[in-house]
Amino acid sequence: MKKKINIILNNQIINKILIFLILSNLAVFIASTDVEFNQKYSTIIYNFEIISIVIFTIEYFLRIAILKNFKDLFKPLMIVDLLAILPFYLSFISVNTIFLRLLRLSRLTRIFKVSRYTEAFEHIKQSFINKKEELFVTGMIFLSGVIISSTLMYYAEGEINPNSFGSIPRAFWWSIITFTSVGYGDVYPITSLGKIIASITAIIGVGLHGLLIGIIGATFMNILNNKAPLSDCHSQKIMDYDKNEINL
């Protein structure tokens, strides 16, 4: 029975249908936040939600049926599967309104179900896993930069520009926006020293962008390139086999 269920869950056609259903759910969820759209198509939205919940529930229990250990029930993807259907069933129970809204928001986690059916998500996940130490170091550099630049700006501009840099935590917003090169322009230095600090912060931020992209990009390309030699070897074996057949 488990083998049959595995065959069903790994069927390419079924996987494509589930991907389409997941993306359709996300589109409907986004569109339904518009009051006019929600009122006009409320019946269709509700029926679509019922159909989706039935399919996702069946899939969830099928995956429970093939689990090897009970602890596998708490794996990230199994939790995502549960969160995809839980808000609907809890809506029939009298619970706190804020809690229910949070659960409804968890419907967004359905998008993460796509990672079950696409190999690209696995490559991205593997890229992060392979470079977790480098990413941690980069994150610490970013955090240190935010703290240092915010502190410097506090001492440089705190008294002159208290609304923007009156405290170190208040300067965090400017520092993060500058490091990420967004630069909304709502908070900016007005002194010469503050502008110098801001310029250095912006340059370092661009450098961090390149470092982060380089780490992820290089790892991602390595994972993709490592697949190519396998196919090349396979092709070479076929060619060698054909040559041997001709010689015989």
Task: Wholly within the range 53-146, helices (runs of 4 or more DSSP H) carrying at least 3 residues that are at pLDDT below 85, on the phi < 0 side of the Ramachandran plot and not assigned by TED's automatic domain parsing to the domain that holds residue 12 - done: 119-130
- [ ] Could you please find all residues in the range 147-163 being assigned to a helix (DSSP H, G or I) and either over 21 Å from residue 184 (Cβ atoms) or under 32 Å from the mean Cα position of the chain (by Cα) (or both)?
- [x] 147, 148, 149, 150, 151, 155
- [ ] Being part of a helix (DSSP H, G or I) and either basic (Lys, Arg) or modelled with pLDDT under 90 (or both) narrows it down to one of 187, 206, so name that one.
- [x] 206
- [ ] Scan (1) loosely packed, with under 11 Cβ neighbours inside 10 Å; (2) under 17 Å from residue 153 (Cβ atoms) for the single condition residue 194 breaks and write down its number.
- [x] (1)
TODO: Assess whether residue 19 counts as being β-branched (Val, Ile, Thr), at pLDDT below 85 and either in the same structural domain as residue 81 (by TED's automatic domain parsing) or touching a Phe, Trp or Tyr at 6+ places or on another chain (Cβ under 7 Å) (or both).
DONE: yes
- [ ] Would you please name the residue that is farthest from residue 207 (Cα to Cα), looking only at residues in the range 164-182 that are in a helix (DSSP H, G or I) and either in contact with a Gly (Cβ under 7 Å, 6 or more places away or on another chain) or outside the structural domain of residue 209 (by TED's automatic domain parsing) (or both)?
- [x] 165
TODO: Quick one: which helices (runs of 4 or more DSSP H) lie wholly within the range 1-44 and hold at least 2 residues that are touching a Leu at 6+ places or on another chain (Cβ under 7 Å)?
DONE: 2-9
- [ ] Inspect all residues belonging to the range 29-38 and state whether any of them is of a type in the set (D, E, K, R) and within 22 Å of the chain's Cα centre (by Cα).
- [x] no
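The values are calculated or read from the model by the stated rules, or taken from the named source; none is laboratory data. Here the structure is a predicted model, which is why all the values come from computation and not from measurement. As a convention, Cβ positions derive from the backbone with ideal geometry for all residues, glycine included, and neighbour counts pool all protein chains shown.
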